[in-house]
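Reading through the structure tokens given below for one structure.
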Amino acid sequence: MVKPFRLNKKNKLQLFMLLDFVKKNSDYDFYITENNLRKYVDSVESLIFFLKNSVSVYVSEDEDYNGIVMVWKSLGGETERFYVKLVAANNSIAEKLLTILSWDFKKELFVKINKHSRVLNAFKNKGFRFQAGRGKQLLLRKEKMGAYNVSNTFGHRNSGSLSNR
């Protein structure tokens, strides 16, 4: 089941479980850049920082967490970009998370991803296209488009209302 993740005081146990999942499944593409330094999720504090500063966060879970996708707003000069950060147990879960994100978020999206990432095809299958390459990393972009706002579960549309994100 895919659902939005809300950070609150009651879900401290979930934070530890989510941190464990991210640390075990991350492909080194799950980071943010701040002051030209890469910051990875390696502690509860860093996970909280990621969650608090993300525009949108969804998690996938069955018995345990098996995926997380978040959108990070980046400002560079006068340019505003929204970067997708994704960790998933497999390509199918990655595609489900990206589907929900596409329904809910209608601004242009970017992802910096390793050329050999196991979830690269999920991004390609969901409309992300090559923008640039540098070394082992690719920059993919998905053009902005109208989107449905979804409720708490995968596949359930919220009356077809358009999201204003």
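Out of all the residues in segment 109-132, is one or more closer than 17 Å to F5 by Cβ, of a type in the set (A, V, I, L, M, F, W, C) and either modelled with pLDDT of 95 or more or within 15 Å of the chain's Cα centre (by Cα) (or both)?
Checking segment 109-132: not a single residue is closer than 17 Å to F5 by Cβ, of a type in the set (A, V, I, L, M, F, W, C) and either modelled with pLDDT of 95 or more or within 15 Å of the chain's Cα centre (by Cα) (or both).
Does at least one position in segment 72-81 carry a residue that is aromatic (F, W, Y), assigned to a strand (DSSP E or B) and buried (at least 17 other Cβ atoms within 10 Å of the Cβ)?
yes
Tally up the residues in segment 106-125 that are buried (at least 19 other Cβ atoms within 10 Å of the Cβ) and assigned to a loop (DSSP other than H, G, I, E, B), please.
Adding up the residues that qualify gives 2.
Which ones in segment 4-22 are in contact (Cβ under 8 Å) with a residue 60 or more places away in the chain and buried (at least 16 other Cβ atoms within 10 Å of the Cβ)?
F5, F21, V22
In segment 106-136, which residues are among the aromatic types (F, W, Y) and farther than 21 Å from I32 by Cβ?
Residue satisfying the conditions is F130 alone.
For every residue, the table says whether it meets (1) hydrophobic (A, V, I, L, M, F, W, C); (2) out of contact with any Leu (no Cβ under 7 Å at 6 or more places or on another chain); (3) within 12 Å of I68 (Cα to Cα); (4) assigned to a helix (DSSP H, G or I).
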site: L7; (1), (2), (3), (4): yes, no, no, no
site: K10; (1), (2), (3), (4): no, yes, no, yes
site: L13; (1), (2), (3), (4): yes, yes, no, yes
site: L19; (1), (2), (3), (4): yes, no, yes, yes
site: D29; (1), (2), (3), (4): no, yes, no, no
site: I32; (1), (2), (3), (4): yes, yes, no, no
site: S46; (1), (2), (3), (4): no, yes, no, yes
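Between a first residue in segment 23-48 that is under 13 Å from K112 (Cβ atoms) and a second residue that is outside any helix (DSSP H, G or I) and aliphatic (A, V, I, L, M), which pairs have beta carbons less than 6 Å apart while being 6 or more apart in sequence or on different chains?
Filtered contacts from segment 23-48: D29/I113; F30/V87.
If I ask for residues that are assigned to a helix (DSSP H, G or I) and of a type outside the set (S, T, N, Q), which ones from segment 87-105 would you list?
I93, A94, E95, K96, L97, L98, I100, L101, W103, D104
Kindly provide the set of residues from segment 133-165 that are assigned to a loop (DSSP other than H, G, I, E, B) and at pLDDT 50 or above, ordered by number.
The answer is G135, K136, E143, K144, M145, G146.
Among the residues of segment 44-83, how many are over 13 Å from the mean Cα position of the chain (by Cα) and small (G, A, S)?
The total comes to 4.
Taking I100 and the conditions (1) out of contact with any Lys or Arg (no Cβ under 7 Å at 6 or more places or on another chain); (2) closer than 16 Å to D27 by Cα, which numbered condition does it fall short on, given that it satisfies the others?
(2)
The values are calculated or read from the model by the stated rules, or taken from the named source; none is laboratory data. All values reported here derive from a predicted model rather than from experimental measurement. Glycine gets a Cβ as well: all are built from the backbone with ideal geometry, and neighbour counts include every protein chain shown.
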